[in-house]
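These notes are about the structure you will find just below.
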Amino acid sequence: MLPKYLAFLFLVLVTVLAEEKDVLELTDETFSHELDRLENTLVMFYAPWCGHCKRLKPEYAKAAELLLGNDPAITLAKVDCTESGKETCNKHSVSGYPTLKIFSKGDFVSDYNGPREAAGIAKYMKAQVGPASKELTGEDCLKSFLDSDTVGVVGFFEKEDSALAQSFHTVSKKLKEKVRFAHTTAKSLMEKEGHKNTVVLYRPKILQNKFEPNTVELEPGTTVQDLIDKHYFGIAGIRTRDNIGEFKNPLVVAYYAVDYVKNPKNTNYWRNRIIKVAKDFPKLNFAISSKDDFQHELNDFGIDFVKGDKPIVLARNAKNQKFAMKEDFSVGTFETFLKDLEAGALEPYLKSEEIPEDNSGPVKVAVAKNFDELIINSGKDTLIEFYAPWCGHCKKLAPIYDELGEKLADEDVDIVKMDATANDVPEPYQVFGFPTLYWAPKDAKDKPVKYEGGRGIDDFIKYIAKHATDELKGFDRKGKPVKSKNEEL
């Protein structure tokens, strides 16, 4: 009898193998032969030790399962670049892991730039290999097309070359990776559905509710793009890591255990209550998001853990200011929160460290709470560094930045730093990496300029000397030290 730990390892191994049974393992010897016979293949080039690869593998395996039986056929394969696939990886210029590439009958088509979760991978690949819009020849075709958990957009055309049909196909080609399209010219189908020379958006059964129509027909004078932009997500869209860019401010998001695979009933229970209230606030955009997938956004509001089943409601207005509903969720508290949000009666949430008790050093410390006082209303030119405590480049810059502060201590210029991981960065500053530096002239604080110069002490001084509103006392406009009267004597 196997020891318990061996039995456990065996069970884990069997589970992993079962999860990846639909993913084709390729080697240097089999790569070309297998790809030549396969119609469409997505290949993941990986290294066993790669953390990103380990996170992608279960999603990749699930996507392979979702694509079984697809027409046209789509195969998901993988190549180990550290062992049996070294030559293949070199041949295809793989320099990082995981790298994903799309092939057709052995020919390289393109790099894969789609989502990294199962449903997104499957949807992206279906859009890549199939026509932008699927032709429907009869009632069974439409039924099969609508048997899905995602929105479908169908064009009903008497003539395939009509202006509306051409516009429809233009949009379908543009959005094929995000939206499922189908079209028909079959008279029997148009008569059965009661649609002719129009475009209809169908909501999947799983997202249907009593507060909005299950189908939305193209309105006269509007475009296919308008129909999708306005109605694709419905009153409260399902916001994921892959479609996050589709949701614009002002945005209200309800975070809870969103899971349409394992628990669709509970997911819709809360979504329907959100929609019930949201339908009366057309000026706001609404979404639901998985609290586990968006823990980083909850952290931005100071929320480390969500207790219970009820949604946590967070919002951003058109100015990107943050607001949190403090009361437990109910239809009543949600409605009150939205009314106050629209009326501007809520206090914005500000993620901030405490203001330093002593801020007299050569480099001043900014936090969200004193940003306006220290930067906007200081009456001085300001160079500000947004940094992260763990950033190696920031640590390397620190002594140089301190020296800069000391050299300019008597000038009409403030040298400031701010931990952008612990404080909200206000508009119009944008921080996408560390360190990020901005120059804010005292008479144009609303138009800071991103500093793109060198990071040596001389580089900073030359830049500041040149761009300072008033000429520096200790340096000329070229950054050369100015001799004092005592030195001249």
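For the chain, the share of DSSP beta bridges that are antiparallel, to the nearest 5, is 50%.
Kindly express, to the nearest 10 degrees and within the range 0 to 90, the angle between helix 118-129's C-alpha long axis and the longest C-alpha principal axis of the chain. That helix lies at roughly 70 degrees to the long axis. Extending 7 Å from Cα along the Cβ direction at SER95 and again at LYS248 yields two label points whose distance is 3.6 nm. In this structure, GLN225 and GLU427 have a Cβ-Cβ separation that, at R0 = 35 Å, corresponds to a calculated FRET efficiency of about 0.75.
Comparing HIS33, ALA63, VAL200 along the charge dipole axis of the chain, the residue lying farthest to the positive side is VAL200, per the Cβ-charge model. Between ASP476 and LYS283, the simple label model (points 7 Å from Cα in the Cβ direction) yields a spacing of 5.8 nm. A simple rule links phi to the HN-Hα coupling: the Karplus curve 6.51 cos²θ - 1.76 cosθ + 1.60 with θ = phi - 60°, which for region 296-310 gives 5, 6, 4, 4, 5, 9, x, 9, 8, 8, 9, 8, x, 8, 5 Hz, with x for Gly and Pro. Seen against the Cα atoms of the chain and their longest principal axis, helix 264-278 is set at about 60 degrees. The alpha-carbon atoms of region 260-349 define a convex hull whose volume equals 105 cubic angstrom per residue.
For the residue pairs LYS126/LYS265; LYS105/LYS143; LYS248/LYS291; LYS54/LYS78, alpha carbon separations beyond 24 Å are given by LYS126/LYS265; LYS105/LYS143.
Think of each Lys and Arg Cβ as +1 and each Asp and Glu Cβ as -1; about the Cα centre, that makes the dipole of region 146-208 roughly 180 debye.
At full extension, HIS467 and LYS445 could sit 6.5 nm farther apart than now, given 0.36 nm per residue minus the alpha carbon distance. Once the chain from GLU327 to LYS21 is taken as fully extended at 0.36 nm per residue, the excess over their C-alpha distance is 105.4 nm. Dipole orientation for the chain: of the candidates ALA47, CYS391, ALA318, ALA318 has the Cα lying most toward the positive pole (charges on Cβ; Lys, Arg +1; Asp, Glu -1). If one computes the Cα centroid of region 385-420 and of region 67-115, what distance in Å separates the two points? For region 385-420 versus region 67-115, the Cα centre distance is 45 Å. Dipole magnitude for the chain: computed about the Cα centre from +1 point charges on Lys and Arg Cβ and -1 point charges on Asp and Glu Cβ, it is near 780 debye.
Could you compute the FRET efficiency for GLN295 and LYS483, with r as their C-beta to C-beta distance and R0 at 45 Å, rounded to 0.05? Approximately 0.20, to the nearest 0.05. If R0 is taken as 45 Å, the Cβ-Cβ distance between ASN113 and GLU357 corresponds to a FRET efficiency of 0.35. A cut-off of 5 Å between modelled amide H atoms, ignoring neighbours fewer than 5 places along the same chain, links THR198 with PHE156. Multiplying the residue separation of SER188 and ASN266 by 0.36 nm and removing their Cα-Cα distance gives an extension gain of 24.2 nm. Across region 429-440, computed HN-Hα scalar couplings (Karplus, 6.51 cos²θ - 1.76 cosθ + 1.60, θ = phi - 60°) run 5, 10, 10, 10, x, 10, x, 10, 10, 10, 9, 10 Hz from first to last residue, x flagging Gly and Pro. Here's the picture: a label point sits 7 Å out from the Cα of GLU406 along the beta-carbon direction, and within region 348-379 the residues with their amide nitrogen under 20 Å of it are 359-365.
Site pair LYS205 and THR30 shows an inter-label distance of 3.8 nm when each label is modelled 7 Å from Cα along Cα→Cβ.
Of all DSSP beta bridges confined to region 170-298, the antiparallel ones make up roughly 30%.
Cysteines in the chain that lack a partner Cβ within the 4.7 Å cut-off: CYS141.
Where the centre of each part is set by its Cα atoms, how far does region 300-347 sit from region 18-50, in angstrom? Between the Cα centres of region 300-347 and region 18-50 lies a distance of 46 Å.
Charge dipole of region 229-377 (Cα centre as origin; +1 on each Lys and Arg Cβ, -1 on each Asp and Glu Cβ, all else neutral): 780 debye, rounded to the nearest 20. Work out the charge dipole of region 343-489 with +1 on the Cβ of Lys and Arg and -1 on the Cβ of Asp and Glu about the Cα centre, then indicate which of TYR401, TYR451, LEU374 is farthest towards its positive end. Result: TYR451, furthest along the dipole toward the positive end. Against the chain, whose longest principal axis is taken from its Cα atoms, helix 163-175 shows a tilt of about 60°.
Read-outs: derived from the displayed coordinates by stated rules, not from any lab. What you see is a predicted model; the values in this text were computed from it and never measured. Note: ideal-geometry Cβ built from the backbone for every residue, glycine included; neighbour counts use all protein chains shown.
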